[in-house]
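Below is one structure, written out as C-alpha cells; the observations come after it.
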Amino acid sequence: MKKTLLILLLLLPSLFLSAQKKGYEKSIELGYAIGVGEYNNNTINLSMINGYRFSDYLYTGVGVGIGYSNAITYVNKNRYGTIDETRATALLVPIFAQIKANFTNGDISPFVSLNVGYTIDLNSYLKHAPGFMLQPNFGVDFKLNEKSSIYALVGFNLQHFDYVYTYNLGTSSSNWDVENRSEMFKAIDIKVGFKF
C-alpha cells in the first residue's frame, strides 16, 4: 500500500508539468440518457463545456446544457399491483463542473471524467428543481489534429428527482397512502462530442 501511494505521489506532478499543450479548450456534447430502475426518466441533451487543459492528461472545465425529458411526476399503485405513471415535459438545464483525465497522449486516448453539478427545470419553479447531479464517465478521444478531436463516452447518470407516490390500500378513496418521494434516478448516459 505504501509503495502504491509513493508511486502515485511521484507521478502526480507529471500530470501538471509534462504538458506539451496547455490552455483554453471547449467542447460540445450530444447525448441520450436511458433510464434504469423501477422509476426512471430518459433524457436527450446538448452541452457546452469550457475549461483549461493543464497537460495532455488533465483537464477541468465548467459546462451548461439543455435537455428534454418526459419526466415522471406521479406514480399510482393500486392494491392489485397495477402501476399508473403520470409524466410531464421537463426542460432541464444542468450546470456542472468537470474533471477529465486522459490515460495516453496518442491519436486514440482513453479517458475518465466526472461531472458534478445542479440541474434546474425551466418548466417549474426553482424550489422544485431536480437538483443535484453526478455523472462518472469512461470514453475515448480520437484526435483529428493538434487542437481538435471527436470523442465518445458512456457514463452513469445520477440525477435527483421528486415525485408523488400513491398507494391504494383498500377500495375507497379514503384508503390511500400518499408520499412525496425524493430519489436519485439512474440512467446510462451515451454521448458523442467534438473538442476544439
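Data overview
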| quantity | calculated |
| --- | --- |
| Hey, Leu91 surrounded by 15 or more Cβ atoms within 10 Å (Cβ to Cβ) and over 20 Å from Tyr52 (Cα atoms) or not | no |
| Number of positions in the stretch 110-124 that are at pLDDT below 95 and among the aromatic types (Phe, Trp, Tyr) | 0 |
| Condition broken by Ala97, with the remaining ones in (1) closer than 26 Å to Glu38 by Cβ; (2) hydrophobic (A, V, I, L, M, F, W, C); (3) touching a Gly at 6+ places or on another chain (Cβ under 7 Å) satisfied | (1) |
| Whichever residue in the stretch 125-145 is modelled with pLDDT under 85 and in a loop (DSSP other than H, G, I, E, B) and, among such residues, is surrounded by the fewest Cβ atoms within 10 Å (Cβ to Cβ) | Tyr125 |
| Residue among Thr119, Thr166 that alone is over 21 Å from Ala33 (Cα atoms) and β-branched (Val, Ile, Thr) | Thr166 |
| Within the stretch 35-77, tally of residues that are within 22 Å of Tyr165 (Cα to Cα) and not in a strand (DSSP E or B) | 6 |
| Cross-chain or 6+ apart pairs with Cβ under 7 Å, the stretch 74-89 first and of a type in the set (A, V, I, L, M, F, W, C), then in a loop (DSSP other than H, G, I, E, B) | Val75/Tyr39 |
| Boolean, Tyr118 is among the aromatic types (Phe, Trp, Tyr), surrounded by 17 or more Cβ atoms within 10 Å (Cβ to Cβ), part of a strand (DSSP E or B) and touching a residue at least 24 places away in the same chain (Cβ under 8 Å) | no |
| Unmet criterion (only one of (1) surrounded by 13 or more Cβ atoms within 10 Å (Cβ to Cβ); (2) outside any strand (DSSP E or B); (3) aromatic (Phe, Trp, Tyr)) for Tyr80 | (1) |
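So that you can scan it fast, the table gives a plain yes or no per residue for (1) touching a residue at least 60 places away in the same chain (Cβ under 8 Å); (2) closer than 24 Å to Gly63 by Cβ; (3) assigned to a strand (DSSP E or B):
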site	(1), (2), (3)
Ile95	no, yes, yes
Ala101	yes, yes, yes
Leu158	no, yes, yes
Val164	yes, no, yes
Tyr167	yes, no, yes
Glu179	no, no, yes
Lys186	yes, yes, yes
Lys191	yes, yes, yes
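So that you can scan it fast, the table gives a plain yes or no per residue for (1) among the small types (Gly, Ala, Ser); (2) in contact with a Gly (Cβ under 7 Å, 6 or more places away or on another chain); (3) surrounded by 20 or more Cβ atoms within 10 Å (Cβ to Cβ):
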{"site": "Lys22", "(1), (2), (3)": "no, no, no"}
{"site": "Lys26", "(1), (2), (3)": "no, no, no"}
{"site": "Thr43", "(1), (2), (3)": "no, yes, yes"}
{"site": "Ser47", "(1), (2), (3)": "yes, yes, yes"}
{"site": "Tyr57", "(1), (2), (3)": "no, no, yes"}
{"site": "Ser69", "(1), (2), (3)": "yes, no, yes"}
{"site": "Asp84", "(1), (2), (3)": "no, no, no"}
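The values are calculated or read from the model by the stated rules, or taken from the named source; none is laboratory data. No experiment lies behind these values; they were computed from the predicted model shown. Cβ atoms come from the backbone with ideal geometry, glycine included; neighbour counts cover every protein chain shown.
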